[in-house]
């Protein structure tokens, strides 16, 4: 064989080997494969067309992170690029992570899911309605407590809309009540509660930054939110531990949480089974399946999909996963138009999946 022919064959072998070992190759749920570079181009082109400032996308395949994509800018005024380490507001994706922390306390025997919460910690804003004595942790996690989503003012009386456990009503207030109960039982303030979340959740799943409370590191790492294309103030923030809304983290870190649910360690298998089981004894949202203790659930042609969306106004977030398939996706956006532009939907459908939005 001539040297030139030998060199050509050698280069071909090297190229084929590189392709086979490329960890960024993504396969659809169908037999088709999708190269990461093509997905990158698709997202970049659609973002530009739809005028979405920034988005971070992580795809899980076979229970491992198979793709990480960071697109756009942290701030349209400065043009600073988003990276895979950029922090976003997870908005209501805060709820499933906190619900998992609650289940860890159930596992330890600190709290019972079906024990009336007033026995642990009376909520002074609920005293006007005696039905609050029926509210349990399970009801709060499944949004069947009868509490409103949010009061107009934090100091107002908290209204019970219906007899607890008889209907569905999405409630951020419910999560904040549950947070206060745990703080009473654990005898910790907001910072102390964050330290426990770090120790019992964040470190155990191999994440490096998942903060419900404010941290001095956040402004330098966090994307700016955007409304109507204009950046909002990244330094204005609710400094409190908001169990239902205040989580700051990266898409990659949140994906590690989903992976833990898909592939739990032996010591957490029963906990995760309970956490993800359908709560068929509780009321369901009209036209929807029964929820799990952490996520809404959809029956799809690919199996049961656990999913959640988040909306903090100038930040939007979305995730879903199929436990048995080990497949999932996390999308964090730093604008008010991640959903309204249909970018999130287009990305999901481009990956040969069906879009559902809560």
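All of the numbers you see were taken from the coordinates with simple rules; none came from a lab. This is a predicted model, so every value here is computed, not measured. Neighbour counts are summed over all protein chains in view; Cβ atoms, including those assigned to glycine, are modelled from backbone coordinates with ideal geometry.
Report, please, the projected area of the range 227-270 averaged over directions, based on the convex hull of its C-alpha atoms, in nm².
On the way: hull surface 20.9 nm².
So the mean shadow area of the Cα hull is 5.2 nm².
Between residue 300 and residue 85, the contour length at 0.36 nm per residue exceeds the alpha carbon distance by 74.2 nm. Computed over the range 25-350, the convex hull of the alpha-carbon atoms projects to a mean area of 16.2 nm².
Could you give the length gained by full extension between residue 198 and residue 108, i.e. 0.36 nm per residue of separation minus their alpha carbon distance, to one decimal place?
Values: separation 90, 0.36 × 90 = 32.40 nm, distance 1.68 nm.
The span from residue 198 to residue 108 would gain 30.7 nm if fully extended.
The separation of the range 48-78 from the range 83-144, counted between C-alpha centres, amounts to 31 Å.
Label-to-label distance, residue 119 versus residue 271, with points set 7 angstrom from Cα along the beta-carbon direction: 2.3 nm.
In this simple spin-label approximation, residue 40 and residue 263 carry label points 7 Å from Cα along the Cα→Cβ vector, and these lie 2.5 nm apart.
What is the fewest-to-most order of 353, 216 by other Cβ atoms lying within 10 Å of their Cβ? If you can, show how the numbers build up before the last one.
Numbers: 353 20, 216 6.
Ordered by Cβ neighbours within 10 Å, fewest first: 216, 353.
Taking R0 as 56 Å, what FRET efficiency do you get between residue 220 and residue 130 from their Cβ-Cβ distance, rounded to the nearest 0.05? Efficiency, from the Cβ-Cβ distance: 0.70.
Here the label points at residue 356 and residue 156, each 7 Å from Cα along the C-beta direction, are separated by 3.2 nm in the simple model. Taking the chain as a Gaussian network of alpha-carbon nodes connected by springs under 10 Å, the highest mean-square fluctuation of the residues 141, 39, 161 belongs to 161. Just checking the listed ones, 229, 174, 242: in the Gaussian network model of the chain with Cα springs under 10 Å, the one fluctuating most is 229.
Ordering of 269-281, 63-75 by packing is 63-75, 269-281, highest average first (other Cβ atoms within 10 Å, averaged per residue).
Put simply, when 342-352, 326-336, 116-126 are sorted by average Cβ atoms within 10 angstrom per residue, most first, you get 326-336, 342-352, 116-126. Between the Cα long axis of helix 36-50 and the first principal axis of the chain there is an angle of about 60°, rounded to the nearest 10.
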